[in-house]
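Written out below as structure tokens is the structure these notes cover.
No value in this document is a laboratory result; all are computed from the given coordinates. What you are looking at is a predicted structure, and each value in this text was computed from that prediction instead of being measured. Reconstructed Cβ throughout: ideal geometry from the backbone, glycine too, with neighbour counts over all protein chains shown.
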Amino acid sequence: MITTVTLNAAIDKTYVLSDFQLGKVSRIGQIHAVAGGKGINAARVLHQLGIRTLATGFVGGSNGDFILKNLDQQQISHDFVKVDDESRICLNIMNASNGESTELLEKGPLITEQQLAEFRQKIVLLGQQSRIVIFSGSIPAGLSTSVYAELIEALRKTNAAVFLDTSGDGLIHGLKAAPFFMKPNEDEIAQLTGKRPENETELVQSLHQLADSGIECASVSLGASGSMTVYKGTIYRVRVPSIEALNPVGSGDAYVAGMAAGIYQELPIEDCLRLAAACGTANALSAHAGFVKREDVDAFLKQIEIVQL
Ligand SMILES: Nc1ncnc2c1ncn2[C@@H]1O[C@H](COP(=O)(O)OP(=O)(O)OP(=O)(O)O)[C@@H](O)[C@H]1O
Ligand SMILES: O=P(O)(O)OC[C@@]1(O)O[C@H](CO)[C@@H](O)[C@@H]1O
């Protein structure tokens, strides 16, 4: 089983507008609301790939009830700690006239020490039953920025391989706990190494820097330009087909899910990278974050180019 952790679960609301202008009244055409947050998105993609998955983390209030009901409707197994405060809403405003998306992300509920202790116990039990545990997304109020590092340490006594996909101080602390896999984007690699890579040579240097700090596998995702990965000291450059992206929000989560699915199925590393990239690209074809169609993934698998540098 693969367990995904979403400490800051959300209702992901997407408004599709024919033309969005700041400072003007807009009436919404299409509305879509779904259980979200990065770990839940990854769980949905894993489920769509047919991998046994369980989603955990914290949910609260009526938004939390919506999230659990929506996961049930999608037949995604879950085991969340319930909190008193309200889970957040993350709003994505899609401007159909130019394809731009604007994200408004609430900070999420307050988590108490006691609720964190309950979660710590749960994740260790789930870690014992999982081959992979994926930690994704922002850290809700009340929790320290070292929470991912602490939870990764708690999982050390299990055999689960840990994936970490977050940003800011949580990412910087998390790196010190040496997860098996990380997927920073270009902004996040700059937070980790202190320098934004300006070209491929600098990107390679940044990846070697991550490997030197004890990460077995790290991918920097580059949106439509694909990704670059270091695995056991070797660098892989992955290029993706050019597509008419509808909504790339959640492509990073789909990439992480594809990578986890590959490692879970013990595929060779190049096939893991192919599956990760195909899932990321397939997600960009969907209007909603964390959705892929199996036929799109299969079609893209044949079009991904990988070279060892
Ligand atoms: N426009 C696109 N065209 C083709 N593939 C894409 C596109 N956008 C994303 N991808 C695929 O998805 C992967 C991850 O995307 P991206 O780099 O945007 O992640 P991210 O910044 O973490 O996204 P998010 O935080 O919204 O989940 C890319 O490496 C690529 O394989
Ligand atoms: O605030 P976080 O946890 O960093 O990001 C939350 C979020 O923007 O990420 C997903 C896309 O990757 C969305 O489903 C969700 O709304």
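Bridgeable lysines around K293 (alpha carbons under 26 Å apart, same-chain partners fewer than 8 residues away excluded): K13, K38, K69, K183, K302.
Over the range 154-309, the ratio between the Cα radius of gyration and 2.2 N^0.38 Å evaluates to 0.98. One chain, two ends: A117 and E305. Fully extended at 0.36 nm per residue, the span grows by 63.2 nm beyond their Cα-Cα distance. If you plug the beta carbon distance of Q128 and K176 into 1/(1 + (r/R0)^6) with R0 = 30 Å, you get a FRET efficiency near 0.80.
Between rounded, prolate and oblate, where does the range 46-144 land on the alpha carbon gyration tensor, with a ≥ b ≥ c its root eigenvalues, rounded for a/c under 1.5, else prolate if a/b exceeds b/c? Oblate shape, in that a/c is at least 1.5 and b/c is the bigger or equal ratio.
Take the Cα of E153, go 7 Å toward its beta carbon, and the backbone nitrogen atoms of the range 178-201 under 13 Å from that spot belong to 178. Taking amide hydrogens as placed 1.01 Å from N in the peptide plane, the amide H of G60 sits under 5 Å from those of V83, S87, each at least 5 positions away in sequence or on another chain.
Going by neighbour counts of Cβ atoms within 10 Å, the residues E118, E295 line up, fewest first, as E295, E118. Residue separation of L104 and E295 scaled by 0.36 nm, minus their Cα-Cα distance, works out to 65.6 nm of gained length.
Rounded, prolate or oblate: which fits the chain when a ≥ b ≥ c are the square roots of the eigenvalues of the alpha-carbon gyration tensor, with rounded for a/c under 1.5 and prolate only if a/b beats b/c? In terms of gyration-tensor shape, rounded. If you take the square roots of the eigenvalues of the alpha-carbon gyration tensor of the range 69-198 and sort them as a ≥ b ≥ c, do you get rounded (a/c under 1.5), prolate (a/b over b/c) or oblate? Here the range 69-198 falls in the oblate category.
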